[in-house]
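The structure appears right after this line, and notes come after that.
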Amino acid sequence: MIGVYGGTFDPIHYGHLRPALEIYQRLALTQIRFIPARNPPHRGIPSASAEQRMAMLRLAIEGQPGFVADDRELRRPGPSYMVDTLRSLREDFPDQPLALILGLDAFLGLPGWNRWEQLPDLAHLIVSRRPGCRSRWPEPLEPFVRSRMVGEPRELNTGPEGRLLFLDTVQLEISATAIRTQIAEGDDPRFLLPDTVLDYIRREGLYGIV
Ligand code: ATP
């Protein structure tokens, strides 16, 4: 099974990387494809360019077996809809199930995603629980969770897609927003993200570094 981890990654940090590694190991995934959004539909324009976010991603995952930087959303014009991304992955990997990995906050926002009901036709959903997030389901998610949730990773094998699994991963209270703010205010965000990524941010003068 291939993990699919989408995000803005502006910049990528340990709050992304560590839960991803835990999911990679617990589900024995063949790989996790990190896919930066070119044009995230739900938020403002990222501070770093697509190329810079991709470069930071490559630096962050360098040397980690199974972690792959995938630039398909950056090459696709228009908004980056996950449903289109999963379809294109299905074409590239017709014989391997896909597992879409989401933080709990992203899962709670799922009903706002373009054609979100189609996502389970294309992939399993793996939700890593993130600190500080509620877990009462807004209305459209309630029946979704009830009908699709499985309790154990092995139950994902009962079908090629469409199951929903919550996995508790390490809780790291890190966000890209906080990192950008710290940098803009002249604070050092070291140890929240890989040193190689921070060096790149400094070299490129990203996020208003002083
Ligand atoms: P921003 O602060 O700019 O909104 P972010 O740090 O939340 O960024 P994104 O790139 O927007 O990161 O998130 C991509 C995915 O990573 C989402 O599914 C999100 O839920 C998850 N994620 C982000 N931070 C964490 C964290 N600290 N722990 C677990 N999952 C996280």
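The values are calculated or read from the model by the stated rules, or taken from the named source; none is laboratory data. Model, not experiment: these values are computed from the prediction. So basically every Cβ, Gly included, is an ideal-geometry build from the backbone, and we count neighbours across all protein chains shown. Note: accessible area is taken over every heavy atom of the protein model, side chains too, but ligands, DNA and RNA are not part of it. Shrake-Rupley method; radii C 1.70, N 1.55, O 1.52, S 1.80 Å.
Filtering the range 133-180 to residues that are open to solvent by 60 Å² or more (accessible area, probe 1.4 Å) and within 15 Å of the ligand (Cβ to nearest atom) leaves ARG134, SER135, ASP168, GLN171, GLU173, THR177. Among the residues of the range 17-35, not one is under 20 Å from ARG202 (Cβ atoms) and without any contact (Cβ under 8 Å) to a residue 60 or more places away in the chain. Residues of the range 1-47 that are modelled with pLDDT under 95, open to solvent by less than 20 Å² (accessible area, probe 1.4 Å) and more than 9 Å from the ligand (Cβ to nearest atom): none at all. Could you grab me the full set of residues in the range 181-199 that are part of a helix (DSSP H, G or I), open to solvent by 30 Å² or more (accessible area, probe 1.4 Å) and closer than 30 Å to LEU98 by Cβ? Correct list: THR196 only. The single condition from (1) modelled with pLDDT of 95 or more; (2) open to solvent by less than 60 Å² (accessible area, probe 1.4 Å); (3) more than 13 Å from the ligand (Cβ to nearest atom) that GLU91 fails is (2).
Does ALA69 count as out of contact with any Phe, Trp or Tyr (no Cβ under 6 Å at 6 or more places or on another chain) and on the phi < 0 side of the Ramachandran plot? Answer is no for this residue.
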